[in-house]
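Worksheet for the structure shown next.
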């Protein structure tokens, strides 16, 4: 999967999940950068990314990803759509 | 909202829930506020966030209390300061197979041991339910149980004494029996729902281990919709009518072109069987008090020809109204609504033609629309649409179709009289107006919660509140039943006032629109005044709270001779009547002696 396209689609998911059309994520984006990114929204975010790309994160990845860049790497490897 | 109508896209709802909530809150509709406590054996945040959307969409603005993860038992049995302070109006207990702590650990356990475990499990839930009722006296919605998706011994688990499937079944029988014997206790049937979704899709073991979520992400909206439908029904937000197209909806083919012999209906062809099945299915709605009407582009003569087909299960008499003409369908629905004294938002409209569906959707936003491309799609949408969630079935529901048929006869009589008063006298009406009797409580509660138009304050009551009002020494609460030579309309009006010194403040005044213009409101007022005089009350104070639906009674108190003492910008008004010189207003309804005796 093209990594730039993945980043763009990830931004779309973040905008919907956090209800903020101004969000654009980068490799270094973390939960500190987005006000509403708490543990409850994290669950919804993970699910929405899985739905978007037709893949699942492994259990240890769900809480182990350091930033959006790592998330994009996993999506590039395992995304199916 | 379209996104929240079945069949919805669960992934879309989950992903866009913030935007959906924002749009709902900004749509300008008025909503009743309800405090809902969710006591869950899992993490309930996802379910609650989606329940909020469905409830907002059906006119209820919820405020939630969510128990800490797996504190549902403690909260229910011992209470908590937070929950006490929250004062729930409804409690939803969100548990599933994961919370069946006494589930046998092996199908090899003995039958005696399984029975012990089952009794322990029953007792656990019994404590929860009685705890809530004692502490909060409010309605309870309880999930029944889905099957554990893992089993050790194959089908043996489904039938042997200690099998997980058999244990689940027996718990579900227990939950159902409890519901049948306890008013205000409702079952959210996740046993059926999980089967409809499919156990493999319903469960997500990783979501359980990671977040303690009871069901998969895709199942969250299904579950939230199901429980929201029950809550919506408790507060009287159900649909009341199914308006049906005929050609290719109730039979195959076009009656005007194909003739009675040409349409497909009956056992000869596969399509004919499918249409007969959907007719049988619809006939069952009629028996539970949902009205059926016809809304078809046809000559009336042809419509009747189709409904008189020898294999037709629905007959012309089964419909409360038949509109077979060439007018736009939204106009026909509006007209039917007017004739039946209902709102168009009480209608579900079904048609195989997407263009007809579109025009009704556009013109009548409150009407639910089913594009019934095939008979099985119609049955599926009616099954899962959430429009006819039954939380109680009263005697009146079972008789409703007869009552509307009697109304139609009354209308036809009306034309033969010179004056309206003559017509009313000819109906030979009799009313029984009485205090609330125990057998009437569920009908009274139902009427209070679903009357929108002839309703001065739109105050809603739980069954427990109704019972309390009926007994309260500080209140005068009466309900009226009306019958005439065509039939018994059942309990049609409720009036309740709070006594304060020499005044009675009328908190509740409502009447079923089935008996509009029959002078029943006068009979109620006469009886109210009579009871006030007995108690030494000299003044009535009436309140009108304006809603989007109750304009028809904005001047009711004025028409009774009350004097208006205030009128707010929002249209609410307060009225006063000195009853010293009051003379009875009803002259057409005979008042029957109390059948239950005076208090």
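No value in this document is a laboratory result; all are computed from the given coordinates. Small disclaimer: the values here were computed from a predicted structure and weren't measured. Cβ: placed from backbone, ideal geometry, glycine included. Neighbour counts: every protein chain shown.
What FRET efficiency do you get for residue B:269 and residue B:12 if R0 is 30 Å and r is their Cβ-Cβ distance, rounded to the nearest 0.05?
0.20
Once you order the gyration tensor axes a ≥ b ≥ c over the Cα atoms, which shape class does the protein assembly as shown get: rounded for a/c under 1.5, otherwise prolate or oblate by comparing a/b with b/c?
Prolate, because a/c is 1.5 or more and a/b exceeds b/c.
If one computes the Cα centroid of segment B:1-67 and of segment B:141-186, what distance in Å separates the two points?
Computed from Cα coordinates, the inter-centre distance equals 28 Å.
Can you give me the C-alpha center-to-center distance between segment B:301-315 and segment B:530-599, rounded to a whole angstrom?
Segment B:301-315 and segment B:530-599 have Cα centres spaced 48 Å from each other.
Can you say what percent of the DSSP beta bridges in segment B:241-384, counting only those with both residues inside, are antiparallel? Round to 5.
Among the beta bridges of segment B:241-384, antiparallel pairing accounts for roughly 5 percent.
For segment B:428-532, what does the alpha-carbon gyration tensor say about shape, rounded, prolate or oblate, given a ≥ b ≥ c as the root eigenvalues, a/c under 1.5 as rounded, and a/b over b/c as prolate?
Taking the square roots of the gyration eigenvalues as a ≥ b ≥ c, segment B:428-532 is prolate.
Given R₀ = 51 Å, what would the calculated FRET efficiency be for residue B:392 paired with residue B:261, taking r from the Cβ atoms and rounding to 0.05?
0.70
Can you give the relative contact order of segment B:1-131 as a percent, counting alpha carbon pairs under 8 Å and 6+ residues apart?
Value for segment B:1-131: 26 percent.
When Cβ neighbours within 10 Å are restricted to other protein chains, what is their mean count per residue of peptide B:11-17?
For peptide B:11-17, the averaged partner shielding equals 5.
What does a probe at residue B:548 reach in segment B:439-457, counting residues whose amide N is under 17 Å from the point 7 Å along Cα→Cβ?
B:450-455
Write down the percent of antiparallel bridges among all DSSP beta bridges whose residues are both part of the protein assembly as shown, to the nearest 5.
Antiparallel: roughly 45 percent of the beta bridges in the protein assembly as shown.
Tell me the mean residue ellipticity at 222 nm calculated for the protein assembly as shown from its helices only (DSSP H runs of n ≥ 4, each -39500 (n - 2.57), averaged over every residue, nearest 500).
-13500 deg cm²/dmol
Which FRET efficiency value, to the nearest 0.05, do you get for residue A:36 and residue B:108 by plugging their Cβ-Cβ distance into 1/(1 + (r/R0)^6) with R0 = 41 Å?
0.25
Expressed as a rounded percentage, what relative contact order does segment A:3-78 have, with Cα pairs under 8 Å and six or more residues apart?
Dividing the mean separation by the residue count of segment A:3-78 yields 40 percent.
What length, rounded to one decimal in nm, is gained on full extension from residue A:24 through to residue A:61, with 0.36 nm per residue of separation minus their alpha-carbon distance?
11.1 nm
How far apart, in nm, are two points set 7 Å out from the Cα along the Cα-to-Cβ line at residue B:182 and at residue A:11?
5.4 nm
Two-decimal Rg/Rh of segment B:256-376 from alpha-carbon positions, Kirkwood Rh?
Using only Cα positions, Rg/Rh for segment B:256-376 is 0.95.
Length gain on complete extension for the stretch residue B:86 to residue B:374, per 0.36 nm per residue less the alpha carbon to alpha carbon distance?
This chain segment gains 98.9 nm when fully extended.
Could you tell me whether segment B:162-230 comes out rounded, prolate or oblate from its Cα gyration tensor? Rule is a ≥ b ≥ c as square roots of the eigenvalues, rounded for a/c under 1.5, then prolate if a/b exceeds b/c, otherwise oblate.
Oblate, because a/c is 1.5 or more while a/b does not exceed b/c.
Could you check the simple spin-label distance between residue B:359 and residue B:134, using points 7 Å along Cα→Cβ, in nm with one decimal?
6.2 nm
Which whole-number percent gives the relative contact order of segment B:229-327, counting Cα pairs below 8 Å spaced six or more residues apart?
Once divided by the residue count of segment B:229-327, the mean separation gives 29 percent.
Given the Cα-Cα distance of residue B:116 and residue B:169 and 0.36 nm per residue of separation, how much length would full extension add, in nm?
In short, 17.5 nm is gained.
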